[in-house]
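The values are calculated or read from the model by the stated rules, or taken from the named source; none is laboratory data. Treat the numbers as computed from the prediction; the structure is a model and nothing was measured. Neighbour counts run over all protein chains shown; Cβ positions are idealised from the backbone, glycine included.
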Amino acid sequence: MNCDDIRFKLGSVNPSGISDEVYYIAKQYIKTWPTIEDDFDAAEDADAYAQYDGSFELVTGQKWARFYSTQGKGKISWEYQGETDCKVVVNKATLSYPKLTNEVRAFAKFASNGDFVFCVKHDGKYYIIGNKDYRATLTPNGDSGDAAGSAKGVTMEIECPDTTPLPTYVGTIELSDGTLNCSTGVFTPTGN
C-alpha cells in the first residue's frame, strides 16, 4: 500500500489556517537526529525558543512523504504536563483531510499504528512533532458529513511528549520529487 503524497485540490472549503502540507517519516528510517538548541534555561518568556540545529540523516533510500491538512480546522499547540525538570510538555497538531477516501482512511489506520515523526508548517515556520525518545500518537476521527453543519472528512490529532515545546526545523527534507529547504520554504524539484 502506497500512502505517500496524499493530495487534494484546493477549493472553497479550505480557508486559511495551518498551511497546506505536512511531512512525515517512520522513526525507524531516521539514522541521525539533529541537535536541539534552546534558550529555556536563560529565559522564561514568550520569546523563548527550541530549534533543531542541522538536518535529519535518513537511512539510505528513505525519504519524507507529504500529506495535506485542510486549512480551516487545523491547529498546532503545546501544553505543560508536569514538573519533571520543569520542562515536560506535550506537543500537538490537529490535521483535517476533507474527504473520506479509501486512501486517506488507509493512511489514518497505517499512521495510527506506526511510529512516525511529523513536520508541520504553521505561520511560515516548520515544527517537528515526534522525537527519538517518545512515540508520537495519531488518533483519527472520521465524519460522514451527515449531521447539519458537519463536513465529510477525517480529522487526525497528533501528539507527542517532549522536553521542549514544538521545536522549529530549519534543515532540509528530502522528498521523492525534490528537496524542501525549511529555512526558506523553497522546494527544489529533482530532474524535470
>> Let me confirm something: among L138, L180, which residue is over 17 Å from W33 (Cα atoms) and at pLDDT 90 or above?
In response: L180
> Of all residues in segment 94-111, which are loosely packed, with under 15 Cβ neighbours inside 10 Å and among the small types (G, A, S)?
Replying inline: A106
> Do the conditions hold for V117, that is, is it closer than 20 Å to Q51 by Cβ and within 12 Å of the chain's Cα centre (by Cα)?
Replying inline: yes
>> Report every pair of residues separated by at least 6 positions or lying on different chains whose Cβ atoms are under 8 Å apart, first residue within segment 48-67 and loosely packed, with under 14 Cβ neighbours inside 10 Å, second hydroxyl-bearing (S, T, Y).
In response: D53/T35; E57/T32; V59/Y29
> Looking only at segment 120-143, which residues are over 14 Å from the mean Cα position of the chain (by Cα) and in a loop (DSSP other than H, G, I, E, B)?
Replying inline: K132, D133, Y134
> Which residues, counting only those in segment 154-192, are more than 16 Å from the chain's Cα centre (by Cα) and outside any loop (DSSP other than H, G, I, E, B)?
Replying inline: G178, T179, V186, F187, T188, P189
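Here's the yes/no breakdown for (1) farther than 29 Å from Y80 by Cα; (2) in a strand (DSSP E or B); (3) among the hydrophobic types (A, V, I, L, M, F, W, C); (4) at pLDDT below 90:
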| site | (1), (2), (3), (4) |
| --- | --- |
| L10 | yes, no, yes, yes |
| S19 | no, no, no, yes |
| A43 | no, no, yes, yes |
| A46 | no, no, yes, yes |
| T60 | yes, no, no, no |
